[in-house]
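This report refers to the structure that appears directly beneath it.
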Amino acid sequence: MRGGGASKKRLLKQEKQKDLQTGFTLSEVLITLGIIGIVAAMTLPALINKYQERVLVVSAKRSYAIVTNALMRWNADNDMTGDYLSFFSSYGSDVERLRVLTKYMNTVQFCTQDKVEPCGGKYEIKQYKKLNDGHGNTAQFDLINWWRAVLVDGTFITLQSEVENGSCIHKYWSYETDADGNYIPDDSSPNGYKGKETTSYTCGVIVIDTNGLKSPNQVGRDVFGIAFSQKGPEESQNSTRGNINYVLQNDKLIDTEDYTIGKFE
């Protein structure tokens with residue numbers, strides 16, 4: 001009996017020693033935690049960026065649907081289905097057009113020209129990448145600071161008609177630039193800079209900022225210009241308007257560049 005009791009004690013002692021041998025030392029635990037921290041530091045920013053992009057993509061697609069549905073409803077109510085020239089050539093000003101269009105949206109605030117303070121005030125909007133505005137400054141997207149409506153979800157909306165003489169077909173000046181992106185002076189040209197007249201078929205542009213004053217406030221991320229020809233939304237791949245068609249077709253944003261607004265250097 002005594003011998004059996006001693007054997008049991010030895011077995012228990014051996015099992016405890018095995019348990020201690022199979023456990024982790026403090027240094028091993030610290031090393032493991034360090035590795036986990038490094039992996040998290042490497043992957044977490046990418047996951048956050050991916051989530052933020054997903055939020056912006058969903059917001060852009062939602063705002064696009066709101067705008068295009070509003071225009072289709074206006075066309076239907078005015079027996080102009082399929083004719084988008086009719087809206088952009090109606091009414092006396094862009095402010096009036098915007099006021100009419102936003103009646104087809106869930107609008108909570110409307111601000112007229114140079115009186116946008118009640119709608120959040122003026123703010124800076126970066127272009128999709130660092131661009132020279134032709135005068136040695138970084139280009140910004142100012143249209144939404146002229147007049148705007150605010151939707152219940154916080155989206156800012158504005159618009160500009162480009163109709164001339166009752167037609168969407170019109171001319172605009174395409175500037176030549178030097179190696180630094182500055183306009184080239186030319187006293188013989190109509191506006192004092194080198195370039196040429198280019199034909200456009202755009203009836204108008206509706207601009208959306210999908211989250212208002214919230215960042216990133218950049219074309220191609222939360223700011224987009226939706227261009228309309230006479231037949232409807234254009235298939236333009238214009239990155240300086242955010243290329244909303246790329247977002248719709250690829251379910252992701254265009255590549256953008258972070259930079260500081262100011263002198264183009």
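Quick look at the values:
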read-out	value
Unique residue being surrounded by fewer than 18 Cβ atoms within 10 Å (Cβ to Cβ) and within 30 Å of residue 99 (Cα to Cα) when the list is 216, 190, 233	216
Segments classed as strands (runs of 3 or more DSSP E), wholly inside the stretch 152-217, with at least 1 members that are farther than 26 Å from residue 84 by Cα	170-175, 195-200
Some residue of the stretch 224-241 being outside any strand (DSSP E or B), within 11 Å of the chain's Cα centre (by Cα) and either at pLDDT below 95 or within 20 Å of residue 65 (Cβ to Cβ) (or both)	yes
Looking only at the stretch 120-146, and only at residues there that are of a type in the set (A, V, I, L, M, F, W, C) and at pLDDT below 95, the one that is farthest from the chain's Cα centre (by Cα)	146
Cβ pairs under 6 Å, 6+ apart, first in the stretch 112-138 and free of Cβ contacts under 8 Å to residues at least 12 places away in the same chain and assigned to a loop (DSSP other than H, G, I, E, B), second of a type in the set (A, V, I, L, M) and buried (at least 16 other Cβ atoms within 10 Å of the Cβ)	none
Hits in the stretch 242-258 (condition: among the polar types (S, T, N, Q) and assigned to a loop (DSSP other than H, G, I, E, B))	243, 256
Unmet requirement for residue 109, which otherwise passes all of (1) farther than 27 Å from residue 249 by Cα; (2) more than 25 Å from the chain's Cα centre (by Cα); (3) not charged (D, E, K, R)	(2)
Selection status of residue 181, in contact (Cβ under 8 Å) with a residue 12 or more places away in the chain, farther than 26 Å from residue 233 by Cβ and under 26 Å from the mean Cα position of the chain (by Cα)	yes
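The values are calculated or read from the model by the stated rules, or taken from the named source; none is laboratory data. Just so we're clear, the structure is a prediction, and the values are computed from it rather than from any experiment. Every residue, glycine among them, receives a Cβ derived from its backbone with ideal geometry; neighbour counts consider all protein chains shown.
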